Amino acid sequence: MNKMYQALMENFLFHCLFLALIVPVILAGQKLLRHCLTAQYRHMTWYLYCFCALLFFLPVRLPGSADLCSFVSSFMKNAPRQAVQTSTVSAASGSAGQIRDYAVSAGAAVPGPVFTALFWIWAAGAAAMTIIFLYHCVRLNRFGRSIAFVKNMDTERLFLQCKEELGIRRKIRFVLSETSDTPMAFGIFFPVIVFPKKFLSVFSKRELSYVFYHELSHYKRGDLAGSLICCIVKVLYWFHPFVLYSLKKMRTDREIACDASVLNHIRQHEWNSYGHTILNFAGYLSSREIFFVSSGIGGSYSQLKQRITAIASYRRPSKKTQLAGFSLLLILWLLFSPFVQNHNLLADSVSGKPDRPFVPVDLSTFFPENEGCFVLYDKNKNQYSIYNEKMSRQRVSPDSTYKIYSALAALDAGVISPGKSEIAWDQKQYPFSSWNKDQTLDSAMSSSVNWYFQTLDQRLGKTALKKTLRRIRYGNEDISGGITSFWLESSLKISPLEQVMLLRDFDQNRLGCSEKTARAVRNSIRLNCGPGRILYGKTGTGCIDGHDINGWFIGILKTKDNTYCFALRIKGRDGASGKKAAQTALKIIRSLSL
């Protein structure tokens with residue numbers, strides 16, 4: 001459980017840092033293009049900001065983009081420490097072959113309880129803000145039900161005329177209020193525009209039409225839904241000063257954009273009159289935000305000053321200004337998308353559904369101590385058998401099972417070759433004697449030698465490695481945790497189902513590599529060869545602070561007339577090792593009489 005909080009809060013804190021850093025970027029872009037950026041696009045840049053803020057919590061995955069933030073992200077990921085374990089398990093009943101499982105512990109840079117405490121502090125604040133938000137929603141709903149329909153027919157006709165001029169066909173409830181201090185619009189599904197009754201005798205018919213244009217423009221522009229988005233962002237980032245500042249700026253730019261919509265609709269000689277109407281209303285309006293989820297014509301003195309300045313300098317938008325606004329949004333998105341993509345934890349945490357039919361199976365008796373899952377692909381039947389489908393789609397660190405694809409990438413790129421795969425030992429003392437010598441691909445895979453595959457990845461380079469993972473669709477494809485540690489309980493994650501899909505494509509040589517390369521890797525993970533049967537496999541153990549929390553065993557079983565690809569994963573606070581996963585997987589395979 002602590003590991004879950006740690007993963008969540010590490011990524012969330014990085015995302016908060018990212019949201020702080022991009023505010024100056026947005027402001028700089030707006031200032032740079034201030035003479036040719038329309039009010040509408042200026043407001044839309046803040047929608048882009050809100051989208052970046054919310055995307056962390058949304059289960060969606062963006063198209064691939066360059067990893068611009070690896071150097072920052074690696075600072076926040078775990079680095080390998082020194083606790084170590086090793087074990088062996090028989091490859092099959094009666095077999096002399098051995099499956100070797102080596103695990104190097106990764107120590108958390110910050111103690112788990114700290115992340116747990118941070119999570120609950122954030123959750124408590126978000127819960128309090130949710131209660132406030134719901135209170136305002138209920139209050140606004142009661143207010144909307146308590147006010148009466150407008151009974152001034154002249155005012156109603158004027159409102160309907162303004163609504164028709166703006167091309168709004170949807171029915172919008174227009175009501176007078178004895179208690180409201182300011183005109184406002186609210187309601188996404190059942191929109192309502194409220195107008196203070198006291199203003200009917202104070203302002204002229206033309207001034208009232210300007211106010212109606214403004215409030216109706218809020219509806220036409222989608223500002224009512226936008227207010228709800230702002231509320232959600234405020235609930236989730238209640239503690240973040242840069243986010244709160246951005247929401248304040250967004251509210252001001254929303255009103256300026258709405259003013260621009262009105263000015264674009266009315267005649268140019270009326271612009272001054274509209275500005276004077278805003279100033280006249282300022283003497284009657286409250287500066288506070290009446291409701292949490294409403295849009296109104298009012299605002300603070302500072303906001304009104306900015307609006308009047310914008311009205312005085314307004315020019316109708318041209319193709320040049322439209323292009324400038326679109327260009328700014330595109331540039332900002334290209335800058336921001338790599339950060340958002342690589343730290344969208346919820347999208348990365350679950351893989352898609354099986355790409356073939358599957359049959360659920362009950363294997364609970366094989367997991368008496370640890371929660372686990374098992375995925376088996378039957379080539380002849382072209383279907384999966386899955387135990388614990390939910391867990392089989394959860395993405396976690398691949399640990400040493402990743403070494404299969406590290407070898408594939410290195411062989412395919414010519415970093416090593418099947419006949420020349422030796423790498424000299426660097427003379428550093430490692431925790432296992434089998435690691436302290438020169439290694440070939442076969443010996444390194446057999447003893448699961450971390451430094452060998454780390455060297456392969458370093459020689460291959462991050463760009464080529466990222467390209468390979470994207471080509472074969474390896475889990476979340478995230479190597480931002482550091483070139484030597486991204487697969488060791490760090491940024492790279494994959495689900496058991498995805499492991500089996502990859503093994504299936506690997507066995508059928510559909511990963512885009514040569515047959516010679518595939519054969520070399522397949523031979524390096526061969527565990528057992530008997531009459532009419534060959535077992536290929538690789539273990540993996542996720543070890544944090546000396547505790548085995550994540551155990552893998554993945555492989556391919558070839559018989560005379562069929563091929564099976566499988567992956568088994570177990571998890572727990574301790575004792576969930578690759579050794580135990582291999583033992584369980586082999587028991588299941590024997591029980592299924594494969």
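The values are calculated or read from the model by the stated rules, or taken from the named source; none is laboratory data. Here the structure is a predicted model, which is why all the values come from computation and not from measurement. Don't worry about glycine lacking a Cβ; one is built from the backbone with ideal geometry, like all the others, and counts go over all protein chains shown. SASA here: full protein model, heavy atoms, side chains in, ligands and nucleic acids out. Shrake-Rupley method; radii C 1.70, N 1.55, O 1.52, S 1.80 Å.
Residues in the range 155-181 that are within 20 Å of I266 (Cβ to Cβ) and either assigned to a helix (DSSP H, G or I) or open to solvent by 90 Å² or more (accessible area, probe 1.4 Å) (or both): T155, R157, L158, F159, L160, Q161, C162, K163, E164, E165. Only one of the numbered conditions (1) among the aromatic types (F, W, Y); (2) touching a residue at least 24 places away in the same chain (Cβ under 8 Å); (3) more than 27 Å from V350 (Cβ to Cβ) is violated by F566, and that is (3). Could you say whether any residue in the range 369-377 is buried (at least 18 other Cβ atoms within 10 Å of the Cβ), on the phi > 0 side of the Ramachandran plot and within 29 Å of the chain's Cα centre (by Cα)? Within the range 369-377, not a single residue is buried (at least 18 other Cβ atoms within 10 Å of the Cβ), on the phi > 0 side of the Ramachandran plot and within 29 Å of the chain's Cα centre (by Cα). Give the range 309-323 a look and list any residue that's open to solvent by 40 Å² or more (accessible area, probe 1.4 Å) and under 21 Å from L247 (Cα atoms), or say none. Within the range 309-323, T309 is the sole residue that qualifies. Scanning the range 435-461 for residues that are closer than 21 Å to R526 by Cα, open to solvent by 10 Å² or more (accessible area, probe 1.4 Å) and without any contact (Cβ under 8 Å) to a residue 24 or more places away in the chain returns D438, T440, S443.
Among the residues in the range 130-149, are any out of contact with any Gly (no Cβ under 8 Å at 6 or more places or on another chain), outside any helix (DSSP H, G or I) and touching a residue at least 40 places away in the same chain (Cβ under 8 Å)?
Within the range 130-149, one or more residues are out of contact with any Gly (no Cβ under 8 Å at 6 or more places or on another chain), outside any helix (DSSP H, G or I) and touching a residue at least 40 places away in the same chain (Cβ under 8 Å).
Within the range 1-52, being assigned to a helix (DSSP H, G or I), at pLDDT below 85 and not aromatic (F, W, Y) holds for N2, K3, M4, Q6, A7, L8, M9, E10, N11. Applying the condition of being of a type in the set (V, I, T) and open to solvent by less than 10 Å² (accessible area, probe 1.4 Å) to the range 211-241 and asking which residue is farthest from L54 (Cα to Cα) yields V211.
S421 fulfils the conditions (1) open to solvent by less than 70 Å² (accessible area, probe 1.4 Å); (2) under 30 Å from the mean Cα position of the chain (by Cα) except for a single criterion, (2).
Between C529, C543, the distinction of being part of a strand (DSSP E or B), within 36 Å of the chain's Cα centre (by Cα) and modelled with pLDDT under 90 belongs to C543 only. The residues on offer are Y284, Y245, and the sole one that is at pLDDT 90 or above and in contact with a helix residue (DSSP H, G or I) (Cβ under 8 Å, 6 or more places away or on another chain) is Y245.
Here is a yes/no grid of residues against (1) among the aliphatic types (A, V, I, L, M); (2) modelled with pLDDT under 65; (3) open to solvent by less than 50 Å² (accessible area, probe 1.4 Å):
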position: C258; (1), (2), (3): no, no, yes
position: I266; (1), (2), (3): yes, no, yes
position: T277; (1), (2), (3): no, no, yes
position: S300; (1), (2), (3): no, no, yes
position: G325; (1), (2), (3): no, no, yes
position: L328; (1), (2), (3): yes, no, yes
position: L332; (1), (2), (3): yes, no, yes
position: N344; (1), (2), (3): no, yes, yes
